1. State which residue pairs qualify: first residue without any contact (Cβ under 8 Å) to a residue 24 or more places away in the chain and inside the stretch 96-121, second residue open to solvent by 90 Å² or more (accessible area, probe 1.4 Å) in any location, beta carbons under 9 Å apart, and separation of 6 or more residues or different chains.
2. Out of all the residues in the stretch 24-38, which are part of a helix (DSSP H, G or I) and surrounded by 17 or more Cβ atoms within 10 Å (Cβ to Cβ)?
3. Please state which of the following conditions Ala53 fails to meet, knowing it meets all the rest: (1) of a type in the set (A, V, I, L, M, F, W, C); (2) touching a residue at least 24 places away in the same chain (Cβ under 8 Å); (3) within 30 Å of Glu112 (Cβ to Cβ).
4. Among Glu95, Glu41, Glu58, which is the only one that is acidic (Asp, Glu) and open to solvent by 50 Å² or more (accessible area, probe 1.4 Å)?
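The values are calculated or read from the model by the stated rules, or taken from the named source; none is laboratory data. Just so you know, these numbers come straight off a predicted model, no measurement behind them. Note: ideal-geometry Cβ built from the backbone for every residue, glycine included; neighbour counts use all protein chains shown. Each accessible area value is taken on the protein alone, full model and side chains, heavy atoms only, with ligands, DNA and RNA left out. Shrake-Rupley method; radii C 1.70, N 1.55, O 1.52, S 1.80 Å.
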Amino acid sequence: MSKDLSIAMLYDFYGELLTPKQAQAIDLYYNEDLSLAEIAEPLGISRQGVRDAIKRGEKLLFSMEERLGLVNRFMNLAEQMEEIIEDVSSMRKYESMYVHSKPLSESLKSLEEQLKALTEEL
């Protein structure tokens, strides 16, 4: 079973929908990078039980993403925010080279700072 980092992101969005055992197994496997054997002991189940819990949990996570698309929307939003920040930065450079308007410069700087703060919250 190869580790897929997208599962960790799906877990962040939909982890509350998993059973406690599935959630623990997926969290320990993907976020803590433990082996099946290392997970089996504290959960009190076999390595096969851990594998089954992970597989069922993954199936549910992918199913939820297919239905709701929250991770995809989040990734698209983050990408769009980065593009807007780049555009505002370009506008600030253009303004400083050609326009020389203090109110415009301050507005663009404020906008850029607000966008960066929003991006950090994502």
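1. Hits for this filter: Leu104/Met91; Leu108/Met91; Leu111/Met91.
2. Taking the stretch 24-38 first, the residues part of a helix (DSSP H, G or I) are 24-31, 36-38.
Hits for the stretch 24-38 are Gln24, Ala25, Ile26, Asp27, Leu28, Tyr29, Tyr30, Leu36.
3. Just one mismatch for Ala53, condition (3).
4. Working: Glu95 fails: open to solvent by 50 Å² or more (accessible area, probe 1.4 Å); Glu58 fails: open to solvent by 50 Å² or more (accessible area, probe 1.4 Å).
Going through Glu95, Glu41, Glu58 in turn, just one is acidic (Asp, Glu) and open to solvent by 50 Å² or more (accessible area, probe 1.4 Å): Glu41.
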